[in-house]
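The values are calculated or read from the model by the stated rules, or taken from the named source; none is laboratory data. Only a predicted model underlies this, so the values are computations on that prediction, with no experimental measurement involved. When we count neighbours, we look across all protein chains shown, and the Cβ atoms used for this are built from the backbone with ideal geometry, even at glycine. The accessibility values were calculated without ligands, DNA or RNA, using every heavy atom of the protein model including side chains. Shrake-Rupley method; radii C 1.70, N 1.55, O 1.52, S 1.80 Å.
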Amino acid sequence: MEEKKKVVLSLIQPTGVPTLGNYLGALKNWVMMSKEYDCLFGEADLHAITVRTPPAELKKRCLDMFAILIAMGLDPEKSTIFCQSHVPAHAQLGWILDCYTQFGEASRMTQFKDKAAKHADNVNLGLFTYPTLMAADILLYNADYVPVGDDQKQHLELTRDIANRFNGIYGDFFKVPEPFIGKKGARIMSLQEPDKKMSKSDTNQKSFILVTDSPDVIVRKIKSAITDSEASVYYSESKPGVSNLMEIYSVCTGKTYEQITDEFAGRGYGDFKSAVAEAVAEELKPLRTEYEKLINDKAYLTECAKKGAEKANRIAGRTVNKCMKKIGFWQY
Ligand code: TYM
């Protein structure tokens, strides 16, 4: 008998065009895993409204993100690509899991603390229960692996705790998922402040690269990346700027840090930065070309989203019904 393929699931918030950090930390692994596993990938638009967004902008970003997911190489015929709000079971299970999560546990989430500090004028309950909705996203599909960047590790640990707790009360029900975090690229740093994670919400545009940036823009941003005064390319905690560029170069080219150090021995940062920019532009070129084609084909994107939602609804609807039965809801 053929062995059942492992299930892989991950989502990204449609809060704008993804950065090189999103891409190298998560999205590139999604594409890689989609060749081997039974995959579901989504855009977390319910999560995105924890930050106020004008309605037209939210809609545009959702369509943009959908186009990017396909443009980067996910095949909608093979993987289930969907929009979270098209699958009501996410919100349903999210609420249920809120009731199996302690206030203290949610309060310990570092992303909640960071985001609450950043959006002090809008510390809404959604921001606080964000990780339980994320747990619902994962547990609805019995995911084995969840490819994410380093910053989502704590949320994955909470998801595992919630699943184990529920299973402890009602008997084995949820699959307890494993995070999949790449050895390299899991935490790409800001180009301007390399002690901070690269993020598209950074007010300094030069601190991040967007996956749809043109080669010219990529060159400009990498040329202005903060390094140090040593003019020597090697990986070290004491050289966060250079090490970050080495990590980016390494993930794009497959070269090891030793090979990179040898390649640039005796050469200055100018040469190094040119090579990094070229490698990044080359890596993102197919995505950008494909995105420009797809974004004008709204009918095709809508068709794909419908197909994805149908598949996702079938699985998620079944899980939430079974889960409610376990809990003892009146069903007929
Ligand atoms: P989001 O939308 O902030 O980011 C999407 C993915 O990109 C990774 N990432 C990074 N990786 C490396 N370096 C960086 N600088 C960097 N910045 C972001 C993130 O770790 C993430 O994998 N809560 C999630 C979305 C989500 C989700 C889920 C993920 C909702 N439901 C279920 C997995 C499973 C988030 O906000 O990611």
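Distance between the pseudo-spin-label points of residue 300 and residue 259 (7 Å out from Cα toward the beta carbon): 3.4 nm.
Ordered by packing density, taken as the mean number of other Cβ atoms within 10 Å over each peptide's residues, highest first, how do 318-329, 235-246 rank?
On the way: 318-329: 14.3, 235-246: 18.2.
Listed from highest to lowest mean packing, they are 235-246, 318-329.
Among 309, 265, 281, determine the one that fluctuates most according to a GNM of the chain built with springs between C-alpha atoms less than 10 Å apart. In this elastic network of the chain, the residue with the biggest mean-square fluctuation among 309, 265, 281 is 265. In this rough spin-label picture, where each label sits 7 Å from Cα along the Cβ direction, the residue 77-residue 161 distance is 4.4 nm. Annotation: amide H of residue 178 within the under-5 Å range of 145, 146, sequence separation 5 or more or interchain, hydrogens built in the peptide plane. Ligands, DNA and RNA left out, the 1.4 Å accessible surface of the chain is 53% carbon and sulfur atoms.
What fraction of the DSSP beta bridges in the chain is antiparallel, stated in percent and rounded to the nearest 5? Let's see the in-between values first.
Details: 2 of 16 bridges.
Approximately 10 percent, going by the DSSP bridge assignments.
Take the Cβ atoms of residue 313 and residue 228, set R0 to 51 Å, and the FRET efficiency comes out at 0.45.
Helices in the chain, meaning DSSP H runs of at least 4 residues, each add -39500 (n - 2.57). Divided by all residues, the mean residue ellipticity at 222 nm is -16500 deg cm²/dmol.
Binning all Cα-Cα separations of region 4-49 at 10 Å, short to long from zero, yields these whole-percent fractions: 27, 49, 22, 2. Karplus-derived 3J(HN,Hα) values for region 115-132, using 6.51 cos²θ - 1.76 cosθ + 1.60 with θ = phi - 60°, are 5, 5, 5, 6, 10, 4, 7, 8, 8, 7, 5, x, 5, 6, 8, 3, x, 6 Hz; glycine and proline are entered as x.
Hey, how much of the P(r) for the chain falls beyond 28 Å, as a percent of Cα pairs? It would help to have the intermediate numbers written out before the result.
On the way: 24168 of 54946 pairs.
Beyond 28 Å sits 44 percent of the P(r) for the chain.
For residue 193, the amide hydrogen comes within under 5 Å of no other amide hydrogen, counting only partners 5 or more places away or on other chains and with H modelled in the peptide plane.
Sparsely packed loop sites in region 1-84 (the trypsin sites (Lys or Arg not before Pro) outside DSSP H, G, I, E and B with at most 16 other Cβ atoms within 10 Å) comprise 4, 5, 6, 35, 52, 78.
Where does the charge balance sit around residue 127 when Lys and Arg score +1, Asp and Glu -1, over other residues with C-beta under 11 Å from its C-beta?
Neighbour charge sum, excluding residue 127 itself: +2.
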